[in-house]
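The values are calculated or read from the model by the stated rules, or taken from the named source; none is laboratory data. Remember, predicted model here, so these are calculated numbers, not experimental data. Cβ: placed from backbone, ideal geometry, glycine included. Neighbour counts: every protein chain shown. The accessibility values were calculated without ligands, DNA or RNA, using every heavy atom of the protein model including side chains. Shrake-Rupley method; radii C 1.70, N 1.55, O 1.52, S 1.80 Å.
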Amino acid sequence: MPVTAPSSAASATALTGEEMHALLARLYPICRSITGDGVRQTLAVVGEYLPALVVHEVPSGTPALDWTVPVEWNIRDAWVKNAAGERVIDFRAHNLHVLQYSQPKHGWVTRQELEEHLFSLPDQPDLIPYRTSYYQPNWGFCLSHRQREQLLDEHYEIGIDSTLDEAGSLTYGELVLPGATEEEVLLSCHCCHPSLANDNLSGLVVAVGLARWLAREPRRYTYRFVFGPGTIGSIVWLSRNPAAVARIRHGLVLTLLGGPGQFTYKQSRRRTAEIDQAVALVLRDAGPPHEVRPWLPYGYDERQYGSPGFNLPVGCLSRTPFGEFPEYHTSADTPDFVRPAELAGSLALVQAVCAALEHNRIYRNLSPFGEPQLGRRGLYKGVGGGQEGADWQMALLWLLNLSDGSASLLAVAAQANLPLPLLHRAAHALEAAGLLAAVAAGG
């Protein structure tokens, strides 16, 4: 069954699948990298949707934990020309054609020398691969293997019109939506890949849709969105925000949320954190095929947030994980590969996770000696005209039995095998009847 948002009224304020896909298609042509004008252009567009977005510039050379902010890279053009002056590899045709962070290069080279700087996929001969050399000086071109097999001239003219600026900076975006408390939920996504739609843009547009929805919702938690380049972006953010780090209670990295395939959740380093429980329950209740995977110190930025010195409860939500679909990091990862329905379903799932975190509480039974008489309080009937029947009755009984001041709603939902929204409504009904009292936020 499809994932549904917490309420129809709430979902009306979020972006539709078609609107998220249109944003993705608009961002797709921009040549992004871990630094540079492509990131700035991307965040400027995001800022049109999220006017409160703050863009940060961190100078190249700035220490960041064990790393240093790299020099800023920008590229204007790149090509390989044959003896007739024809562009046989053309950055203007596709920005995956150049090795990311290629040094500037002009002149003639032999075919043998050129071959040492070419990247192709023999097993996927029609696709252009995505390759990078962020931290090792290099230059190169990516092309389909069929193109590569047609390079028969003895000499080629190459041109890479790029700059590596030591006076540049790393750019990331940040949006904070204050809640009733200073405790924070961190939502993190990447904005660094050039012309790859599912990776990273699908996670970015779902984050934009979620932020727009949350901005209109009452919030217990403060929500912090970080739009940054992979690895170095989260490392820079962590190094600059010790106070915010101390306030993070839950977190998700959003990625690969627009392609086909089932949902996959990678647990946080803590494995049983509240975010791990919430995502697992939302996936269980939503009904579609899914997989929950254990923590692994490899992948996206969850591994930075989950490094042992921070150990933040941040998991990673995707559909088919990275490296497990043939379009990954190739020119086949186009807007046509991403589907509006999958984007909408991903947004609805993350909305439901946020609702689960917001509603999670620990309760105490105020009439714990024997089962209280529910019939005379009208609690065996649905609330507000609903007739949940047996599930409603069992929700009441499970809550009364497990609410000893130690079990959260998430724990009750897991043990009772009942939907969290149903238990949330039942808890409110029992509170109103004087039978339950909230003693703490869930944990």
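Suppose we keep only residues that are surrounded by fewer than 21 Cβ atoms within 10 Å (Cβ to Cβ) and over 29 Å from the mean Cα position of the chain (by Cα) within the stretch 416-429. Which one would you say is farthest from A280 (Cα to Cα)? Applying the filter and picking the extreme gives H428.
None of L238, L283 is within 24 Å of T62 (Cβ to Cβ), in a helix (DSSP H, G or I) and not small (G, A, S) except L238.
Scanning the stretch 287-320 for residues that are in contact with a helix residue (DSSP H, G or I) (Cβ under 6 Å, 6 or more places away or on another chain), part of a loop (DSSP other than H, G, I, E, B) and surrounded by 18 or more Cβ atoms within 10 Å (Cβ to Cβ) gives D301, L312, P313. Of the numbered conditions (1) over 26 Å from V58 (Cβ atoms); (2) free of Cβ contacts under 8 Å to residues at least 24 places away in the same chain, R212 fails exactly one; give the number of that condition. Exception for R212: condition (2).
Among the residues making up the stretch 386-426, those that are among the polar types (S, T, N, Q) and not in a helix (DSSP H, G or I) are Q387, S403, S406, S408, N417. When P260 is tested against (1) at pLDDT 95 or above; (2) assigned to a loop (DSSP other than H, G, I, E, B); (3) in contact with a Lys or Arg (Cβ under 9 Å, 6 or more places away or on another chain); (4) open to solvent by 10 Å² or more (accessible area, probe 1.4 Å), exactly one condition is not met: (1). Here the stretch 120-152 is the region considered, the condition is being over 22 Å from E72 (Cα atoms) and open to solvent by 60 Å² or more (accessible area, probe 1.4 Å), and the residue that is farthest from the chain's Cα centre (by Cα) is L152.
Tell me, please, whether a residue that is farther than 21 Å from Q41 by Cα, outside any strand (DSSP E or B), out of contact with any Lys or Arg (no Cβ under 9 Å at 6 or more places or on another chain) and of a type in the set (K, R) can be found in the stretch 83-96. No, every residue in the stretch 83-96 fails to be farther than 21 Å from Q41 by Cα, outside any strand (DSSP E or B), out of contact with any Lys or Arg (no Cβ under 9 Å at 6 or more places or on another chain) and of a type in the set (K, R).
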